[in-house]
Amino acid sequence: MRAAVLALSLLAGTAQAAWQWSEPLTVNSVRGAKIYPHVESANRANVAVSGTTVGVVWEDNRSGSPQCYLAMKPATATGFQPEIQLGQAECYEPAVVALEGGRFVAAWEEAGKVHARLLPGGTALTLSTAEAGQATLAVKGDTLYAAWAEQAGRFRRIVVARLDVTTGALRAEPAQPVEAALPTDDQAWPALAVAGDGSVTVAWEDRRDRHTVPMTSHSGDNLKFSAPARLSDVPKGAGLGQSMGLGAGMGAMRPTLAAWGAQGVVAVWLDKRDFLSGYDVYAAFDPGTRRFGPNIRVQDDFGDNIAQWHAKVVGNADGRLLALWDDTRDGTPDVWLADWNGTAFGENVAVPGAAGPGAQSDPSAALDAAGGLHAIWLEQDEQAGARVRYAHATWQ
């Protein structure tokens, strides 16, 4: 345990530096009072960076029905290029990862199946064989994986597939369930991470205990997964919620994962163990043992008495680690950020351009190869319509 703590401490960045942000840009070119964009992918994988090109995916109803889009911005461009529509029929919850050379892979739900596409160019490939949705993606080098929730009997279960792009076209191997047995209740909202040693971690929402619990499993590169383990601690006094009529348990939801350091994986999720104040942001660390340690609270004391939403964890091999979410501690929804300092998540800092008057929410983020941070969020405007906003930050 002491060795694991030391490893975490060595990965901490300097506590004196801070993020320096660019002016925000608007990503979506079509807006209106009745056009509603959503950035709600599993693992909150709505932005990725390939070299110096940023890719953002979202869903909106500009055509009269939900459609998914990708917009790209090369570093030399002053704004985002016109967006590319991903599918043809109604489309939901797109996710994106970056490959080399300004290329991206997007995945989404369309016509009750999960699809993926190599971009720019490329044609859509159907990944699922049964009714499915809530797709997400993870990549390390040329190794690419997709996960989604797929119908298996009465309920959905999490499956994972290896994707291949070495021939210049997207191909998929058969998907493997995390658990071979049919599920006894729904599994949903998977998150994926590929660690530095090539192992795959998957997390998801699981209702086998009659309330929502985040579960995790690990695999080598053969997609033979370990028995699921509970991610969230069982807090003291866990029966209090039941005695007050709050159901079978406290509940936790929307796990997100990030590969971190040489072999580590970090999980961040929303947790209702303090049920009187709504969801809080919690984290847990796997330093490379393929077992997550104790839970750590992410938000600071100023955010303790209100609910947090839309949590996302971001990390890289160099040891940079941070979490983002939105909450209303200052009266309106704002996007907040907390950096890991080696022993705890630090002071919560509002993201410039994503805080202040109005409503800013639903953050997603990615780190580039140089350690720069790329964040997106939704900004609500009753007159002009909602905007997908983007800003870039450097650590100085």
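The values are calculated or read from the model by the stated rules, or taken from the named source; none is laboratory data. What you see is a predicted model; the values in this text were computed from it and never measured. Don't worry about glycine lacking a Cβ; one is built from the backbone with ideal geometry, like all the others, and counts go over all protein chains shown.
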**Asked** Consider GLY303 against the criteria (1) buried (at least 19 other Cβ atoms within 10 Å of the Cβ); (2) under 23 Å from ALA45 (Cα atoms): it satisfies all of them except one. Which criterion is unmet?
**Response** (2)
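Return the only residue of PRO357, PRO352 being in contact (Cβ under 8 Å) with a residue 60 or more places away in the chain, over 21 Å from GLY278 (Cβ atoms) and assigned to a loop (DSSP other than H, G, I, E, B).
None of the others qualify; the one that does is PRO352.
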**Message:** I'd like the residue in region 255-299 that is of a type in the set (D, E, K, R) and modelled with pLDDT of 95 or more and, out of all such residues, is surrounded by the most Cβ atoms within 10 Å (Cβ to Cβ).
**Reply:** ASP271
**Prompt:** Within region 129-177, restricting attention to residues that are of a type in the set (D, E, K, R) and crowded, with 16+ Cβ neighbours inside 10 Å, which residue is farthest from VAL200 (Cα to Cα)?
**Reply:** ARG156
**Prompt:** So which residues in region 54-104 are surrounded by fewer than 22 Cβ atoms within 10 Å (Cβ to Cβ), touching a Gly at 6+ places or on another chain (Cβ under 8 Å) and at positive phi, if there are any at all?
**Reply:** GLY101, GLY102
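Tell me which strands (runs of 3 or more DSSP E) are completely within region 45-152 and hold 2 or more residues being of a type outside the set (Ser, Thr, Tyr), more than 19 Å from the chain's Cα centre (by Cα) and outside the structural domain of ALA369 (by TED's automatic domain parsing), or say none if there are none.
Where strands (runs of 3 or more DSSP E) fall fully within region 45-152 and carry at least 2 residues being of a type outside the set (Ser, Thr, Tyr), more than 19 Å from the chain's Cα centre (by Cα) and outside the structural domain of ALA369 (by TED's automatic domain parsing), they are 67-74, 113-119, 143-152.
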**Message:** Can you find a residue that is polar (S, T, N, Q), within 27 Å of SER364 (Cα to Cα) and touching a Phe, Trp or Tyr at 6+ places or on another chain (Cβ under 8 Å) anywhere in region 164-179?
**Reply:** no
**Prompt:** Does TRP377 satisfy being crowded, with 23+ Cβ neighbours inside 10 Å, in contact (Cβ under 8 Å) with a residue 40 or more places away in the chain and part of a strand (DSSP E or B)?
**Reply:** yes
**Complete:** Filtering region 326-341 for residues that are in contact (Cβ under 8 Å) with a residue 60 or more places away in the chain and either surrounded by fewer than 18 Cβ atoms within 10 Å (Cβ to Cβ) or in contact with a His (Cβ under 7 Å, 6 or more places away or on another chain) (or both) leaves a count of 1
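In region 177-209, how many residues are of a type in the set (A, V, I, L, M) and more than 16 Å from VAL266 (Cβ to Cβ)?
Summing the residues that are of a type in the set (A, V, I, L, M) and more than 16 Å from VAL266 (Cβ to Cβ) in region 177-209 gives 5.
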